[in-house]
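The values are calculated or read from the model by the stated rules, or taken from the named source; none is laboratory data. If you're wondering where the values come from, they're calculated on a predicted model, not measured in any experiment. Here the Cβ positions follow ideal geometry from the backbone for every residue, glycine too, while neighbour counts run over all protein chains shown. Ligands, DNA and RNA are excluded from the accessible area calculation, which covers all protein heavy atoms including side chains. Shrake-Rupley method; radii C 1.70, N 1.55, O 1.52, S 1.80 Å.
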Amino acid sequence: MPQLGLLPGRAWTVLLGLLRPPPGALCIRAVRSHSQVAEALIASQLKPHQEKSNFTIKTPKGTRDLSPQQMVVREKILDVVVSCFKRHGAKGLDTPAFELKEILTEKYGEDSGLIYDLKDQGGELLSLRYDLTVPFARYLAMNKVKKMKRYHVGKVWRRESPTIVQGRYREFYQCDFDIAGQFDPMIPDAECLKIMCEILSGLHLGDFLIKISWKDVRHEMVVKKGLAPEVADRIGDYVQCHGGISLVEQMFQDPRLSQNKQALEGLGDLKLLFEYLTLFGVAEKVSFDLSLARGLDYYTGVIYEAVLLQTPVHAEEEPLNMGSVAAGGRYDGLVGMFDPRGHKVPCVGLSIGVERIFSIVEQRIKTFGEKIRTTETQVFVATPQKNFLQERLKLIAELWDAGIKAELMYKNNPKLLPQLHYCENMGIPLVVIIGEQELKEGVIKLRSVASREEVAIKRENLVAEIQKRLSES
């Protein structure tokens with residue numbers, strides 16, 4: 001019942017007057033009617049708080065929940081990505097979900113308008129991180145780190161129009177790998193492209209192509225490199241071309257380019273990059289494409305992005321126009337923007353488009369009706385008889401202590417058939433069954449869910465037998 005103490009003073013006066021019973025034979029009836037009035041008065045006072053709101057329960061625009069089945073798929077994708085990062089010697093790193101607003105401003109060009117600003121909570125103007133690259137550069141400058149190979153998996157936020165079908169959200173994961181430090185030309189860049197190839201091949205998404213170029217070709221050549229406009233225009237003739245080392249060689253042979261020192265240096269770097277890619281065995285996956293341009297302001301040199309070719313892995317699949325599924329490039333000046341003395345730390349890195357990849361894999365699962373196991377349970381502890389909860393608890397504790405993933409039904413006296421059906425539905429491979437006969441003989445029945453074969457195993461040998469079977473499966 002609502003607390004009467006919450007009523008305003010005047011309501012208390014009226015209420016007490018109503019509850020004071022009149023004298024005589026009408027007392028009981030009066031009390032009953034006065035009580036009804038009092039209840040109505042209380043209800044009228046609290047009605048605004050008791051009414052349900054009319055808002056629709058949903059996730060915010062551009063976000064979503066992930067079901068247990070979807071989480072299994074995402075974790076498998078992330079396992080492939082992170083294991084590759086670790087294979088190449090990267091260290092893990094994490095940064096806050098929000099940064100000082102001034103850290104993020106003027107780093108993303110036109111995309112700066114997509115940054116989520118937070119309400120002032122006490123003196124600091126904050127924004128949700130837009131990507132993982134700028135926080136990494138801030139970390140390097142703040143901690144005076146000159147060399148680092150790191151990976152980072154985390155959420156970022158962007159106020160853009162979401163396109164759910166194409167895996168585009170306002171809240172999404174990024175998986176980044178970056179190499180910071182002064183090294184010989186193109187060796188780190190080549191490794192980043194090799195990593196990109198390893199991950200996309202390991203995810204079995206179908207054929208793909210990585211396009212590489214350098215940022216803002218004409219601006220880079222004329223304004224920053226000091227090339228004559230006619231030389232930059234000659235480079236523009238190649239913008240519509242794409243290819244591998246042969247295209248780079250063709251540009252080397254062009255006298256209008258080969259006579260310019262800056263152009264020769266750039267072409268030399270690209271030629272060196274393709275030589276390393278050939279040694280890595282991935283040159284055929286990479287195409288030199290001068291038309292490529294990425295919008296972020298902090299890129300300073302070679303840029304690249306990976307796209308899936310419009311050929312489904314299976315004939316039943318519909319081709320998806322997902323855009324790039326991975327991208328990256330060189331950003332040699334970003335760390336210096338945070339250093340008080342402007343000391344630069346050259347960096348190159350890549351980012352895997354997990355959300356887009358997830359959308360592709362999810363569609364594939366729906367197309368082929370694949371069943372996803374949402375748990376990793378290896379053994380189910382069951383009984384066909386009543387009053388065996390204590391024995392089941394002791395048995396499952398033995399399995400847990402041995403590192404075996406196990407479950408039981410949360411009932412004192414479950415029936416055997418529902419327990420076996422649960423194992424079949426959840427894909428649990430083994431069942432251990434204990435009952436009066438097993439307890440008397442000192443054995444446990446071990447049942448294969450797939451074949452339904454049962455064998456009696458001595459209690460002391462059960463863990464070893466289960467581990468043997470699991471290692472063979």
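Data overview
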| read-out | value |
| --- | --- |
| DSSP-defined antiparallel bridges as percent of all bridges, the stretch 379-472, nearest 5 | 55 percent |
| Accessible surface, the stretch 379-472, averaged per residue in Å² (probe 1.4 Å) | 59 Å² |
| Local electrostatic count, R392, Cβ distance below 12 Å [Lys/Arg +1, Asp/Glu -1] | -1 |
| Highest average packing first - 187-197, 378-388, Cβ atoms within 10 Å | 187-197, 378-388 |
| Positive-end residue of V81, P96, S112, charge dipole of the stretch 72-123 with Cβ unit charges | V81 |
| Net charge over other residues, Cβ less than 10 angstrom from the Cβ of E438 (K, R count +1; D, E count -1) | 0 |
| Solvent accessible area, Å² - T105, 1.4 Å probe, full protein context | 50 Å² |
| Subset of K58/K415; K76/K155; K86/K371; K58/K107 violating a 28 Å alpha-carbon distance limit | K58/K415; K86/K371; K58/K107 |
| Largest to smallest accessible area among F55, F368, F208 [probe 1.4 Å] | F55, F368, F208 |
| Modelled FRET efficiency - R0 41 Å, K468 with L66, Cβ distances, 0.05 increments | 0.70 |
| Cα gyration tensor category, rounded, prolate or oblate, for the stretch 63-190 with a/c compared to 1.5 | oblate |
| Rounded to the nearest 10 Å², the accessible area of L279 at probe 1.4 Å | 140 Å² |
| Additional length obtainable on full extension of the chain from H88 to S258, 0.36 nm per residue less Cα span | 57.6 nm |
| Summed side-chain charge close to T375 - residues other than T375 whose Cβ falls under 10 Å, Lys, Arg +1, Asp, Glu -1 | 0 |
| Cα point-scatterer Debye curve for the stretch 379-472, base-10 log of I(q)/I(0) at q = 0.12, 0.20, 0.21, 0.25 Å⁻¹ | -0.31, -0.95, -1.07, -1.59 |
| List H343, H204, H88, H152, ordered by accessible area with a 1.4 Å probe, largest first | H204, H343, H88, H152 |
| Length gained when the stretch D111-K415 is fully extended (0.36 nm per residue, less Cα-Cα span) | 103.4 nm |
| Spatial separation of Cα centroids for the stretch 242-275 and the stretch 402-432, in angstrom | 65 Å |
| Rounded to the nearest 10 Å², the accessible area of I433 at probe 1.4 Å | 10 Å² |
| Extension gain, E454 back to K371 (0.36 nm per residue minus Cα-Cα distance, nm) | 27.3 nm |
